[in-house]
Amino acid sequence: MAGQVKIKVNPLHIEGTAQKGLTVFQAARNHNIFLRSDCGEKGTCGKCRVIAEPSGNLGPKTKTEEKLLSASQLESSQRLACQAKICGPVTITIPTDLMVTDDVYGKTGVNGSFPVNPDRKKTKKTCTGFAFDIGTTTIAAYLCDLASGRVLTAKAMVNPQRQFGEDVISRIAAIGVDEKNLKLQQTLVAAAMNDLINTCLKTTGHGKADVDDITVVGNTTMEHILSGLNPKSLGVSPYLPVTRSSIQTWAPELGLDLLPETPVYIFPVISGFLGGDILSALLADRSWEKEETTLIIDIGTNGELMLSCPNGLWATSCATGPALEGAQISCGMRAAPGAISKVFFNPEAENQILLETIENKKPIGICGSGIIDALAAMRKACVTLENGTFNTEKPGVFCDEKGMGRKFLLPKSNIYITLKDVRQVQLAKAALFVGIEALLQKAGITTVDRTLLTGAFGAKFIWQNARDIGMLPHGICKGKIKSAQNLAGTGAIIALLDKDRRTEIEAIARKINFLDLSCEPDFTAKFSNATQFPALK
């Protein structure tokens, strides 16, 4: 099947050529078109769906496609881009609801001024620095004035590594399959950082010669990949990082387009799944100095927990999975225009379940905060039962040929929640619930005075709904709970402006008591019990 054929991609109006035998996904990537792939081209998520015409110029439908695509989708020339191979000239149309955009919500709401170390020498008239928060989903950059401590501007974009999957495990697995993917992923994140650097400098009228320092925080996998460290050890038990220490290097060594003498400081990590981001959040709050017991919850594709109490600092991670950020959910998506972000239960309304979308656009999917709200509203409306099954007597519930409720259509939309989606949320919320309870038990406390919800997703959801579906234990709900939009980014800024804070967090990291939930003897039983939804009050 040697040879090149013409391809066209709509609605982007991009034309080019592709090698016969490539999948549609591979051909699109060669033209810098990044299709959605929550599973990292494994053929499990079904979200790289495209319309391909003429259908005869693609290879035969795979068993995966026949399983994930409905009969009507197959009849309308829809294929999975990661499965369909190009045999001849073809026009590819990406459905509107599956278009990948760079719209980012959250992570840029950090502003104001922060303390500057008086010993920092100002060597030239203009002195700035960048603090980066590299998340699995989003990368944020904060340009700061190193003399005044003021945040000059903040920008964020989607992490382009998403083409290798929405979660770190998929990205680690891709590197395991082909080590060349380590360099590719590192290059992608560096290119994104360069884009943010250029945008921030242009916005403020500064130049690259004005940048004197950089700090970086992220989860352990993101920090490893940026540093060029192979994260394969993070994907197998006992999930050990290559190094827990901070990394100090120079911008060009990472592929950053700045002066050669620009230093980069990358935060230390605690474990394979407790990275520099949770340490940065701890630094931002300075929880260890407070008399109140404090729990920091950073919920994303991985749940990171940090507890500060009279018995010391305790930390653990729990596998919440990408379900809470929209991935692994049938109609799930990132927080972007058209995503259902809030769901309400109103027993007096004609449709008891009401929806709200980002920018009030027509619903095209549902993001993580919407998923939690939806499950809480569905429980209150008795659509979902305690064990997670659907009440087949409720309108909007669709059953299979055996009378089993399989999905629920959210009112006034074409967005549905499937039984599999409910199971994914049950697993995620059980992991967080048991993780919090285990941490409190190990620390010898039963209640928490203050709880901080952070992260691009963690700061967005309504915590009362998380409580109502059994995601947050009562021991923390008795205290104060508040959202802190991006503590990790704030900590990165603090460490940028005051180098003493870097030494401080390195010392504190060594004192943290790490709890490995997988080693807890009763974890499995508690986890199983926590998958149930609480009884209605």
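Taken together, the values in this text are just the output of simple stated rules run on the coordinates, not laboratory data. Nothing here was measured: the structure is a model prediction, and the numbers come from that model. So basically every Cβ, Gly included, is an ideal-geometry build from the backbone, and we count neighbours across all protein chains shown.
For the chain, the relative contact order is 13 percent, taking Cα pairs closer than 8 Å that sit 6 or more residues apart in sequence and dividing their mean separation by the residue count. Say R0 is 41 Å: what FRET efficiency, to the nearest 0.05, do Thr62 and Val236 get from their beta-carbon distance? Once the sixth-power term is evaluated, E becomes 0.90.
The fewest-to-most ranking of Lys537, Lys407 by surrounding Cβ atoms within 10 Å reads Lys537, Lys407. Taking every alpha-carbon pair in segment 276-411 and binning the separations at 10 Å intervals from zero gives 11, 30, 28, 20, 10, 1 percent.
Fewest to most neighbouring Cβ within 10 Å: what's the order for Asp500, Asp133, Asp167?
Lowest to highest Cβ neighbour count: Asp500, Asp167, Asp133.
Each residue of segment 19-32 was assigned a 3J(HN,Hα) from its phi angle through the Karplus curve 6.51 cos²θ - 1.76 cosθ + 1.60 (θ = phi - 60°); the sequence is 6, 4, x, 6, 6, 4, 4, 5, 5, 5, 4, 5, 9, 6 Hz, with glycine and proline shown as x.
Packing, taken as the mean count of other beta carbons within 10 Å per residue, orders the peptides 182-190, 256-264, 39-47, 110-118 from highest to lowest as 39-47, 182-190, 256-264, 110-118.
Pair-distance distribution of segment 193-330: all C-alpha pairs, bin width 5 Å, starting at 0; shares per bin in whole percent are 2, 9, 16, 17, 17, 16, 12, 8, 3, 0.
Treating r as the C-beta distance of Glu53 and Gln19 and R0 as 25 Å, the FRET efficiency rounds to 0.80. Translational diffusion of segment 128-278 was estimated from the Stokes-Einstein equation, with Rh taken as the Kirkwood radius over Cα pairs; at 4 °C and 1.567 mPa s the coefficient is 84 µm²/s. Report the FRET efficiency, 1/(1 + (r/R0)^6), for Asn414 and Lys6, where r is their Cβ-Cβ distance and R0 is 35 Å, rounded to 0.05. The calculated FRET efficiency here is 0.55.
Once C-alpha pairs closer than 8 Å and six or more residues apart are averaged by separation and normalised to the residue number of segment 322-423, the relative contact order reads 25 percent. Charge tally for Asn198 (other residues, Cβ to Cβ under 9 Å; Lys, Arg +1; Asp, Glu -1): 0. The simple spin-label model puts a point 7 Å past each Cα toward its Cβ; for Thr126 and Glu291 those points are separated by 4.8 nm.
Among His474, His31, the order by Cβ neighbours within 10 angstrom, fewest to most, reads His474, His31. Each residue, Glu261 and Glu359, gets one label point 7 Å from its Cα in the Cβ direction; the gap between the two is 4.4 nm. The rule of thumb for compact globular proteins, 2.2 N^0.38 Å, goes into the C-alpha radius of gyration of the chain 0.99 times. In this label model, Thr503 and Asn111 are separated by 3.5 nm, measuring between points 7 Å along each Cα→Cβ vector. Let me know the whole percent of all Cα-Cα pairs from segment 433-537 that are separated by more than 18 Å. When every Cα pair of segment 433-537 is considered, 62 percent fall beyond 18 Å. Once the Cα-Cα distance is subtracted from the 0.36 nm per residue extended length, the Gln441 to Asp522 segment shows a gain of 27.9 nm.
Normalised by 2.2 N^0.38 Å, where N is the number of residues, the alpha-carbon radius of gyration of segment 4-98 equals 0.95.
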